[in-house]
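Worksheet: the structure to be examined is printed underneath.
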């Protein structure tokens, strides 16, 4: 293989300034700032974050304050801890073409670097924008090169190295080294195995955050490395649109705390029941028609929240019973509801050739209800809410934020926190996180 080291990617990462970004990209960066904070806040309530926090006890102490936690961490510890929080309730953004979650893949390391250097919120959001571009472009290259579905933690290692490297002041050659190191050592993340056998392995985010952060620190320590996949001639086209096409505009945003592939039948079921005044007790059986990958999601009765999220039968059944799917439906304390278990037994799943033919560009499904009185109802074909084509804006993301954090925050505190996250962009990131934690009662 012949590699082309022209520093095109590195120069984009290092030289992009907030003022260079189109207005729509700046607005979307603020939306993503809110959404990623939602994921971190929710994640701080879960077992995976507690594990990550225990892991940091092996590291040197520090003074960094992170969202949703009363502890203090070093840069490395903060990155690891937030890497364990950001994807733990599966509420973070995604990108259809890389079949994964770019934002959560890098936010732990990028925010940790921003807190370490105490940069402004404007500088932090700019690093977020360029990190999305690295995550998506590297994700496309990795999946094409290896012809294997490597998921979030794989390209997240590279995006973490890029965003954190920018913030920590790497030069173009050092950033090339860090990106090379991160891509070379990135976790494989065989995501379809986690789809079929769900656990905290999931999308591999914590280990991607670890590798990307260590790549930057190893570079600063003097380690050298060469070549990354975006330097291959066949992937130069992925760099041609840097600074013109921003992948942050091609994200989808998740309204429910579970795998995106279950969102379509959830929304279809909720709407069908509302529009036809169907109570869950009226239902004899439900058939879900969707694409193949969705049918491969686990259907086991979950023993923990990860098995509940990376599942298709449990989230759909819980949404049918409760009319909602959020923290209160997927946390460990919610599991074991016999009404939901009974509904799971009434579900069946079928691959629809038309739905399959449009995957992954579109993720579609429809549902068919048969009631105990013999009546039947069929939904329209659904895409999930929050697709890139839905032009998600502040109002959409603020409504999601209020709904998702409602178990922990009053409406008044939700508004206060949203105000903090849409503040003067010249405020320091540390001050913003401090305000977030005051509102959360940390």
- Item | Criterion (in contact (Cβ under 8 Å) with a residue 60 or more places away in the chain and surrounded by fewer than 23 Cβ atoms within 10 Å (Cβ to Cβ)) met by exactly one of 238, 170 | 238
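Residues are listed down the side, and each one gets a yes or a no for (1) closer than 17 Å to residue 152 by Cβ; (2) not in a loop (DSSP other than H, G, I, E, B):
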site: 206; (1), (2): yes, yes
site: 210; (1), (2): yes, yes
site: 219; (1), (2): no, yes
site: 224; (1), (2): no, no
site: 227; (1), (2): no, no
site: 230; (1), (2): no, yes
site: 236; (1), (2): no, yes
- Query: Quick one: residue 349 ticks every box in (1) more than 18 Å from the chain's Cα centre (by Cα); (2) surrounded by fewer than 18 Cβ atoms within 10 Å (Cβ to Cβ) bar one, so which box is it?
  - Reply: (2)
- Query: Is there a residue being modelled with pLDDT of 95 or more, over 23 Å from residue 258 (Cα atoms) and not assigned by TED's automatic domain parsing to the domain that holds residue 326 anywhere in the range 96-108?
  - Reply: no
- Report yes if residue 45 is out of contact with any strand residue (DSSP E or B) (no Cβ under 6 Å at 6 or more places or on another chain) and not in a helix (DSSP H, G or I), otherwise no. yes
- Query: Which condition number does residue 376 fail, the rest of (1) without any contact (Cβ under 8 Å) to a residue 60 or more places away in the chain; (2) surrounded by 16 or more Cβ atoms within 10 Å (Cβ to Cβ); (3) in contact with a strand residue (DSSP E or B) (Cβ under 7 Å, 6 or more places away or on another chain) being met?
  - Reply: (2)
- Task: Run down 177, 213 and say which single residue is surrounded by 24 or more Cβ atoms within 10 Å (Cβ to Cβ) and more than 27 Å from residue 249 (Cα to Cα).
- Result: 177
- Query: From 112, 39, which residue is assigned to a helix (DSSP H, G or I), touching a strand residue (DSSP E or B) at 6+ places or on another chain (Cβ under 7 Å) and under 30 Å from residue 141 (Cβ atoms)?
  - Reply: 112
- Select from the range 168-194 the residues that are out of contact with any helix residue (DSSP H, G or I) (no Cβ under 7 Å at 6 or more places or on another chain) and either in a helix (DSSP H, G or I) or over 15 Å from residue 9 (Cα atoms) (or both) and list them in ascending order. 169, 173, 180, 184, 190, 191, 192, 193, 194
- Search result, residues across the range 132-167 that are buried (at least 23 other Cβ atoms within 10 Å of the Cβ) and either in a loop (DSSP other than H, G, I, E, B) or without any contact (Cβ under 8 Å) to a residue 40 or more places away in the chain (or both): 151
- Filter pass, residue 336 being over 19 Å from the mean Cα position of the chain (by Cα), surrounded by fewer than 22 Cβ atoms within 10 Å (Cβ to Cβ), farther than 30 Å from residue 11 by Cβ and modelled with pLDDT under 95: yes
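The values are calculated or read from the model by the stated rules, or taken from the named source; none is laboratory data. Every value quoted in this text rests on a predicted model; they were computed, and no experiment measured them. So basically every Cβ, Gly included, is an ideal-geometry build from the backbone, and we count neighbours across all protein chains shown.
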